[in-house]
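Quick notes on the structure that follows.
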Amino acid sequence: MLLVEEMISIARFPLTRIRLSVEFSAILSDFASHKLNIELRNGRPHGNVSVTYNTLFLMQDPVTFFREVVPHQIAHVLNDVSALRTDQKVLEHGPEWQEWLAVIAETATPSTSYPDANFDDRAIKLHRGGVLCRCACQGDIAFNVVPNTGPQLSRLKQGSRKCKRCDDVFLISDLSEAPPAIKQSLEFIRDDVCKRVNLDHTLQG
């Protein structure tokens, strides 16, 4: 929160006219997301902006998350709000976005993606109903999660889905065989979901 406040302060974000809220979720399919509910009044934006960050990825690699993910998403917010004000169409990761990123975080990488080695989304895919499978690779990388859809399951059962690294056929695996890292991440997600359910119940009660 302090980092977000620092960045929007550097960018002179109009907090008096736009309410910015930051939320967290362990089951977000992406690293972060944001929603704008803004209208122009006399040419000036007014409304609400919500930013949601993935707490699972924050737990897995906080250093990279703070250095890359947090400013990456705030730059998107600044870019989108600025585009509304000027009534111009801008690219998602275009020059305007890159300029905002350079303003709020000089050391951040102006990239459209993050290093895959730093974050593991297999537990999220499992929580969303994916199917755990494995190949002949050694170690954790042997385990993959395939979407639980007809075509994907059909390819698994037919033995036509292969690993690009070892060229071995993926076989459906049991969760008990999953590496500790996946199990820990899945437990983290379940704990986060339970806390949210209990909080919602408390607020409604």
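Selection within region 79-118: residues that are assigned to a helix (DSSP H, G or I) and touching a Pro at 6+ places or on another chain (Cβ under 7 Å). The member of this set that is surrounded by the most Cβ atoms within 10 Å (Cβ to Cβ) is L101. Tallying residues that are part of a loop (DSSP other than H, G, I, E, B) and surrounded by fewer than 13 Cβ atoms within 10 Å (Cβ to Cβ) within region 119-146 yields 2.
Residues checked against (1) touching a residue at least 12 places away in the same chain (Cβ under 8 Å); (2) under 24 Å from D61 (Cβ atoms); (3) in the same structural domain as G129 (by TED's automatic domain parsing):
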residue: N148; (1), (2), (3): yes, no, yes
residue: L153; (1), (2), (3): yes, no, yes
residue: S160; (1), (2), (3): no, no, yes
residue: E177; (1), (2), (3): yes, no, yes
residue: P180; (1), (2), (3): no, yes, yes
residue: L186; (1), (2), (3): yes, yes, yes
residue: I189; (1), (2), (3): yes, yes, yes
residue: D192; (1), (2), (3): yes, yes, yes
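Scanning region 37-71 for residues that are part of a strand (DSSP E or B) and under 23 Å from L2 (Cβ atoms) yields a count of 7. Residue count for region 29-59, restricted to those that are of a type outside the set (D, E, K, R) and farther than 24 Å from D121 by Cβ: 11. Looking only at region 1-36, residues that are assigned to a strand (DSSP E or B) and farther than 25 Å from Q88 by Cβ come to 5 in all.
Could you list, in sequence order, all residues of region 127-146 that are in contact (Cβ under 8 Å) with a residue 60 or more places away in the chain and out of contact with any helix residue (DSSP H, G or I) (no Cβ under 6 Å at 6 or more places or on another chain)? Lay out the reasoning, then the answer.
Step one: of region 127-146, the residues in contact (Cβ under 8 Å) with a residue 60 or more places away in the chain are 127-128.
Listed by number, the list holds a single entry, R128.
Every residue in region 15-28 that is touching a residue at least 12 places away in the same chain (Cβ under 8 Å), out of contact with any helix residue (DSSP H, G or I) (no Cβ under 8 Å at 6 or more places or on another chain) and over 30 Å from A123 (Cβ atoms), please. The answer is R17, R19.
Just to be sure before I move on: is F188 touching a Pro at 6+ places or on another chain (Cβ under 9 Å) and either surrounded by 15 or more Cβ atoms within 10 Å (Cβ to Cβ) or at pLDDT below 90 (or both) in the structure I sent?
Numbers: touching a Pro at 6+ places or on another chain (Cβ under 9 Å): no; either surrounded by 15 or more Cβ atoms within 10 Å (Cβ to Cβ) or at pLDDT below 90 (or both): yes.
So F188 does not fit the description; no.
The values are calculated or read from the model by the stated rules, or taken from the named source; none is laboratory data. These figures come from a predicted structure and were not determined experimentally. Backbone-built Cβ (ideal geometry, glycine too); neighbour counts: all protein chains shown.
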